[in-house]
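Peer 1: Pasting a structure below so you can have a look.
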Amino acid sequence: MSFKTKEHDFGDIIENQKVETTYEFVNTGKVDLLINDCKAACGCTVPEWPKEAIPVGGTGEISAKFNTEGKSGNQIKVITLTANTYPSETKVS
């Protein structure tokens, strides 16, 4: 699994704003890619991921919605993907 980028910077945003980004990836493995789980470090970030198998050479994306309500200052949110990859966990932020 290879990502176009594993990090996203929203820049300056105002509190109570909801923002979203996507992380594009390619299945660079030798078998269909199965993403079993995708978890954020806190409830203010909600990830969505493809539930179906991604064929070898196929593409997909992870979307992440961040709600800034009650958040101020610099924020770094990490999303952990669990898949049939080696290593089994991949992190994006």
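The values are calculated or read from the model by the stated rules, or taken from the named source; none is laboratory data. Remember, it's a predicted structure, so these values are computed and weren't measured experimentally. All Cβ positions, glycine included, derive from the backbone under ideal geometry; neighbour counts span all protein chains shown. Areas reflect the complete protein model, heavy atoms only, side chains present, ligands, DNA and RNA absent. Shrake-Rupley method; radii C 1.70, N 1.55, O 1.52, S 1.80 Å.
Peer 1: For the list (1) open to solvent by 70 Å² or more (accessible area, probe 1.4 Å); (2) of a type in the set (S, T, Y); (3) out of contact with any Ser or Thr (no Cβ under 7 Å at 6 or more places or on another chain); (4) at pLDDT 95 or above, I need the number of the one condition that S72 fails.
Peer 2: The single condition S72 does not satisfy is (4).
Peer 1: Just need a number here: residues in segment 31-59 that are at pLDDT 95 or above and farther than 19 Å from T82 by Cβ.
Peer 2: Count: 4.
Peer 1: Can you pull out every residue in segment 4-43 that is among the charged types (D, E, K, R) and either without any contact (Cβ under 8 Å) to a residue 24 or more places away in the chain or in a loop (DSSP other than H, G, I, E, B) (or both)?
Peer 2: Result: K4, K6, E7, D9, D12, E15, K30, D32.
Peer 1: Name every residue in segment 60-69 that is surrounded by 12 or more Cβ atoms within 10 Å (Cβ to Cβ) and in contact (Cβ under 8 Å) with a residue 40 or more places away in the chain, in order of residue number.
Peer 2: Scanning segment 60-69 gives I62, S63, A64, K65, F66, N67, T68.
Peer 1: Of the residues T21, T85, only one is touching a Gly at 6+ places or on another chain (Cβ under 7 Å) and open to solvent by less than 80 Å² (accessible area, probe 1.4 Å); which?
Peer 2: Exactly one of T21, T85 is touching a Gly at 6+ places or on another chain (Cβ under 7 Å) and open to solvent by less than 80 Å² (accessible area, probe 1.4 Å), namely T85.
Peer 1: How about segment 44-62: which of its residues are under 16 Å from Q75 (Cα atoms) and assigned to a loop (DSSP other than H, G, I, E, B)?
Peer 2: Of everything in segment 44-62, just one residue is under 16 Å from Q75 (Cα atoms) and assigned to a loop (DSSP other than H, G, I, E, B), namely C44.
Peer 1: Only residues in segment 71-82 that are touching a residue at least 40 places away in the same chain (Cβ under 8 Å) and within 20 Å of N36 (Cβ to Cβ) count as the first member; pair them with residues that are open to solvent by less than 70 Å² (accessible area, probe 1.4 Å) and of a type in the set (D, E), Cβ under 9 angstrom, at least 6 apart or cross-chain, and list the lot.
Peer 2: Sorted first by the residue in segment 71-82, then by its partner, the pairs are T80/D37; L81/D37; T82/D37.
Peer 1: Which residues, taken from segment 44-59, are touching a residue at least 12 places away in the same chain (Cβ under 8 Å) and over 13 Å from the mean Cα position of the chain (by Cα)?
Peer 2: Those that are touching a residue at least 12 places away in the same chain (Cβ under 8 Å) and over 13 Å from the mean Cα position of the chain (by Cα): C44, K51, A53, I54, P55, V56, G57, G58, T59.
Peer 1: Only one of G57, G11, G29, G43 is exposed (fewer than 14 other Cβ atoms within 10 Å of the Cβ) and either of a type in the set (A, V, I, L, M, F, W, C) or over 17 Å from V92 (Cα atoms) (or both). Can you tell me which?
Peer 2: Within the list G57, G11, G29, G43, the selection yields G57.
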